[in-house]
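Take a look at the structure below.
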Amino acid sequence: MDFSPLMHALAAVTVQCLCGLKWGRWGVGGALGALWFIAREQTQAEYRWIALFGHGKRANMPWWGGFDWQVWNMASLLDWLVPVIACTLVWLLSRALRQKSAIKQGAQSKVV
């Protein structure tokens with residue numbers, strides 16, 4: 001079994017948590033972490049296109065080469081999709097906890 005999607009998700013969520021805990025910017029941290037792996041997989045897809053259709057020369061690749069469905073497989077899709085989903089879930093959790101905290105503080109201020 002290929003564990004790289006889980007390792008990528010762990011790395012992306014780590015970046016997200018660092019940004020979220022230090023600056024409170026959970027969405028920005030998640031975007032940074034997830035975009036790193038999106039860009040990485042896009043680059044690898046371009047190299048696969050060059051190897052399959054470009055005769056080993058980068059100059060032969062059109063601008064859309066990395067988007068060609070023929071060079072993507074399930075493993076490469078999961079390598080960026082799992083980090084995106086993980087960061088989205090952490091961001092949603094941080095939002096829910098922040099809203100719960102705000103509601104709790106609002107209720108306490110009304111009591112006093």
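The values are calculated or read from the model by the stated rules, or taken from the named source; none is laboratory data. This one's a predicted model, so the numbers in the text were calculated from it and none came from an experiment. As a convention, Cβ positions derive from the backbone with ideal geometry for all residues, glycine included, and neighbour counts pool all protein chains shown. What goes into the accessible areas is simple: the full protein's heavy atoms, side chains included, and nothing from ligands, DNA or RNA. Shrake-Rupley method; radii C 1.70, N 1.55, O 1.52, S 1.80 Å.
If Ala31 meets every condition in (1) closer than 30 Å to Arg95 by Cα; (2) open to solvent by 100 Å² or more (accessible area, probe 1.4 Å) apart from one, which number is that one?
The one condition Ala31 does not meet is (2).
Please determine whether any residue of region 99-111 is without any contact (Cβ under 8 Å) to a residue 40 or more places away in the chain and surrounded by 11 or more Cβ atoms within 10 Å (Cβ to Cβ).
no
Out of region 56-89, which residues are open to solvent by less than 80 Å² (accessible area, probe 1.4 Å), of a type in the set (A, V, I, L, M) and under 18 Å from Gly29 (Cβ atoms)?
Residues satisfying the conditions are Val82, Val84, Ala86.
It is to be established whether one or more residues within region 40-54 are modelled with pLDDT of 95 or more, within 19 Å of Leu10 (Cα to Cα) and under 17 Å from the mean Cα position of the chain (by Cα).
Looking for residues that are modelled with pLDDT of 95 or more, within 19 Å of Leu10 (Cα to Cα) and under 17 Å from the mean Cα position of the chain (by Cα), one finds at least one in region 40-54, hence yes.
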